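All remarks here apply to the structure that follows.
The values are calculated or read from the model by the stated rules, or taken from the named source; none is laboratory data. On a predicted model such as this, the values are computed, not experimentally measured, just so you know. Neighbour counts are summed over all protein chains in view; Cβ atoms, including those assigned to glycine, are modelled from backbone coordinates with ideal geometry. To get the accessible areas, we keep the full protein, side chains included, count just its heavy atoms, and leave off ligands, DNA and RNA. Shrake-Rupley method; radii C 1.70, N 1.55, O 1.52, S 1.80 Å.
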Amino acid sequence: MFKKLAIVFAAIVTSLFYFPFEFTFLPGYNTKMILAAIGIVVCIWKMVRSHDSNVPISLLFVILMAGMVSLASLFAIAYNHTRDTAYVSYIVSMSVWLSAAFVVCSLVKSIHGGLSFVLLSRYLIAVCVAQCILALVIDSSPSFAAVVDRYVSQGQALLKDMNRLYGIGASLDVAGTRFSVVLILLCSALHIEKDRIHQSGVLLYLIAFLVIAVVGSMIARTTYVGVVLGVVLVVFNHDKLDFKEVKISSLRVAMLFVLVLGVLVAISVFAYNHSEQFHSLFRFAFEGFFNYFESGDYSVASGEKLKTMYVWPDNIKTWIVGDGYFSNPRGDIYYVGDSTTQGFYMGTDVGYCRFIFYFGLIGLIVFSLFFIVTAIIIAKRLPKFKLTVFFVLVSNFVIWFKVATDVFPAFALLLCLAYLADSGDYVENLEETAAII
């Protein structure tokens, strides 16, 4: 019983890291920052206890690359005489994520006596499934939503104005990005686990994928990136499909999954036709498909709007060093440009466009190299998961075509895993972590 409670506690801490938020009674400090402060203390304690204060050179190199991003940002705003410090403190932000991730991985390792890619993936899967369920409960229960809104500060006013689904710390494209990464990790973990766990375990993975894919898309359609890349990863992991070698157990799992899928589809159809709330959620999540079957044209309102946001610099200076603006500069008394632009600077929310306008191609290249170098270091430390790390990296660059957010929270966990995991692939019994799913 104690271990099950410890597992649930570790899952909550994982959620506080992966989907951080501020408490209304503690403004200015989100849960990620609190965990980072704890991480510094734990790290110092471990160094003193082990009499080893050496930091791996590869990890220092990651920190150095983050510092280069900060320097590129500082140069851009200094050259352009602006005050937009959005990415000047990126090295601090990256360090906070890394310290907080250290707490999560250390806690999981202490509870289970070991740490592995699969075990960490299970926690992230469980957290994402829980966030999806919480989002539906918050949306359907005003009383529960009132309790959450009373203690959790996550920009609910904007979310409600936009009529968007949200969990506790999980909302908009940031949540969609993190759901996408977890769907990739899920497909990788399932490939590893499929031959060594019970059929019910495989079924749990498949159901979790379905829940995150569907409800995650209701929260943010950025989740589609993870759905597509996850399926492609499965194809890459199965070079040859021989139906003569398909096991009876695999057929049973497939049949059970089809049965569960059928039940869920039936429930979804009923809810779509009898609940205005669910009707709206389904229309949002699968707007393109609805438009295709109703008018023969696959189109999404946000996609059409996104097409108008591909705005590029009209001068060499901006292409090279940017304009020094990431956020809307209307509050900057020194800004002399177009003050009628609504929303983001130059009216674009596209990741690549915003980065170029902020610190130019110089900054964009440095920022991209930061993720590439981090991925290479993780892949070298976890050679069995090179393909998975590559797909996570790809998701980052794909998502930048839509929005300016990144996958470093996941990379921070994988970095900590790479340095804390025992040799070999430590495997915990699925039954011991099933409680958190």
For the pair residue 369 and residue 157, the simple spin-label estimate (label points 7 Å beyond Cα toward Cβ) gives in nm 4.2 nm
Using a 1.4 angstrom probe on heavy atoms only, work out the carbon and sulfur share of the accessible area of region 26-178 in %.
69 percent
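Nearest 0.05, what FRET efficiency do residue 79 and residue 46 give at R0 = 60 Å with Cβ-Cβ as r? Don't skip to the end; give the middle numbers.
Working: r = 42 Å, r/R0 = 0.70.
Rounded to the nearest 0.05, the efficiency is 0.90.
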Which loop chymotrypsin sites (Phe, Trp or Tyr not before Pro) in region 11-111, with loop taken from DSSP, have no more than 14 other Cβ atoms within 10 angstrom of their Cβ?
25, 29
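Rounded, prolate or oblate for region 73-195? Axes are the square roots of the Cα gyration tensor eigenvalues, ordered a ≥ b ≥ c, and the cut-off for rounded is a/c under 1.5.
Details: a/c = 2.04, a/b = 1.14, b/c = 1.79.
Note, shape of region 73-195 comes out oblate.
Past 32 Å, Cα to Cα, is the threshold; run 46/380; 305/384; 32/317; 109/402; 46/384 against it and keep the listed order. Please report the intermediate quantities before stating the final value.
Details: 46/380 25 Å; 305/384 41 Å; 32/317 37 Å; 109/402 36 Å; 46/384 28 Å.
Violating the 32 Å Cα-Cα cut-off are 305/384; 32/317; 109/402.
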Taking the simple approach of a point 7 Å from Cα along Cα-to-Cβ for both residue 259 and residue 33, what is their distance in nm?
5.1 nm
Return the FRET efficiency for the residue pair residue 319, residue 140: r is the Cβ-Cβ distance, R0 is 41 Å, and the value is rounded to the nearest 0.05.
0.30
For region 371-415, what is the accessible area per residue in Å², given a 1.4 Å probe and the full set of protein chains?
34 Å²
Accessible area per residue for region 1-130 in Å², computed with a 1.4 Å probe and the full protein assembly in place, what is it?
48 Å²
